[in-house]
Each structure stands twice: as structure tokens, then as C-alpha cells.
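Notes for the one structure printed next.
The values are calculated or read from the model by the stated rules, or taken from the named source; none is laboratory data. Keep in mind that what you see is a predicted model, and the values were worked out from it rather than measured. Here Cβ is always computed from backbone atoms with ideal geometry, including for glycine, and neighbour counts include all displayed protein chains.
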Amino acid sequence: MSGLRERKKRATREALMAAALRLALERGLEGVRVDDIAAEAGVSPRTFNNYFAGKHEAIAARHTDRIERSVAVLRARPPEETLWEALTEAMVEPWEQHAGDAHSPPPPEVLASIRMLSREPALRAESLRVAFAADGALAAAIAERTGTDCSRDLYPHLVAGAATAAVQAAVGHWLRADPPIPLAPLLRDALRALAAGLPAPST
């Protein structure tokens, strides 16, 4: 019974996040109220408040979920893989899972809406907050894989921060690209460049 209850809670949370993002893309962030999100997800505003403090948190919560998924994937990667091979796959997989067709350029109207949302100061602040809050879990998974200690060693925190920054840089480049380009190959390129020590571009 507890397993069913947890699945229902996860499904409700996912529905609320999806509804918040969908409405924000359609109407703009200022045109969306908590009541609208709850109605779109088929729940009451009170239920929404059991999961999120507001619409910004509901939209930005996807970042937390991506990091949690990356942690799970990293722990499940074959032990014979190098750290950066495993970490690259772990960081890209959630984007492939949640970003639709991450191997094709997005439709121009979708990209325009995402660009608009990415410029919202309150949403940017919330996204950074949840990203930094989730970095500790990623560092812990890196420490397990490398035999380091999160409480004593800088290395796992440094790798987690660098990988997160590489993903953010790749997503920012994806948002600016004209014409639009696929996201997944760009994420892989960013992480592989980081793993190689960021060599200077060849001429």
C-alpha cells in the first residue's frame, strides 16, 4: 500500500510540474496562477500547496529531479567505465528523458517560449537555488565512485560543480543558437570537453 501511495504522490508532483511549465510556456509566467496549475493538473490548490510553495518552485523543481536522476544513473553505471564516461551519461540521460526529442532541434515557437521563461529573474533565482541544493547529492555519488570523502575531500564537490556548470553552459548555448540545434549532442560535447581539460579550440 505504501508503494502505491508513493507512486501516486510522484505522479501528482509530476503532473503539477508539467502543468506549471506548459501553462507558463503558453501564457508567460505572469499569466499563470497557482489555481490555474492545480486545475490543469486536476487537483485542488490545497494539494498544490502540499507539494510546492509557488509556481516558480513548481517549474524549477525539474532541476532537482534531473540531479536526482543523474545520481541514480551514475550509481548504476558499469564500474569499469571511467568517471567522466559514467558522469557524462548520467548528466545527459535526464535531459533525454524529459526534454522530448533532445536529438533534434526544437520547434522555433517552443524555443522562443523557453527563451522568454529563461529571462525571468525570479525563475532564474529559483533554478539556481535548487541546482546548488542538489549538488551535494551528486558530489556524494561521485565520492562513492572515486573512493573520496565528501566531508574531507574537495574533489567530489569540484567535479559536481564543474559538471553542473558545463550542463548550464550547454543549455545556455542551446537557447541562444540560431538556427536551433539539438540539445543532447551539445551536452555531451560540453562534458567531454570538460573531461579533456578544456583544451583550446583548434584552428
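Annotations
- Residue in the stretch 95-110 that is of a type in the set (A, V, I, L, M), in contact (Cβ under 8 Å) with a residue 40 or more places away in the chain, assigned to a helix (DSSP H, G or I) and closer than 29 Å to Lys55 by Cα present: yes
- Every residue from the stretch 7-34 that is under 20 Å from Ala112 (Cβ atoms) and surrounded by 13 or more Cβ atoms within 10 Å (Cβ to Cβ): Ala18, Ala20, Leu21, Arg22, Leu23, Ala24, Leu25, Arg27, Gly28, Leu29, Val32
- Taking (1) under 26 Å from Leu21 (Cβ atoms); (2) buried (at least 17 other Cβ atoms within 10 Å of the Cβ); (3) not hydroxyl-bearing (Ser, Thr, Tyr) in turn, Ala139 satisfies each apart from (1).
- Applying the set (1) within 13 Å of the chain's Cα centre (by Cα); (2) hydrophobic (A, V, I, L, M, F, W, C); (3) more than 20 Å from Ala195 (Cβ to Cβ) to Ile67 leaves exactly one unmet item: (3).
- Residue among Ile37, Ile59 that alone is touching a residue at least 60 places away in the same chain (Cβ under 8 Å) and buried (at least 17 other Cβ atoms within 10 Å of the Cβ): Ile59
- When the test is whether a residue is under 18 Å from the mean Cα position of the chain (by Cα) and outside the structural domain of Pro121 (by TED's automatic domain parsing), Arg27 does not pass it.
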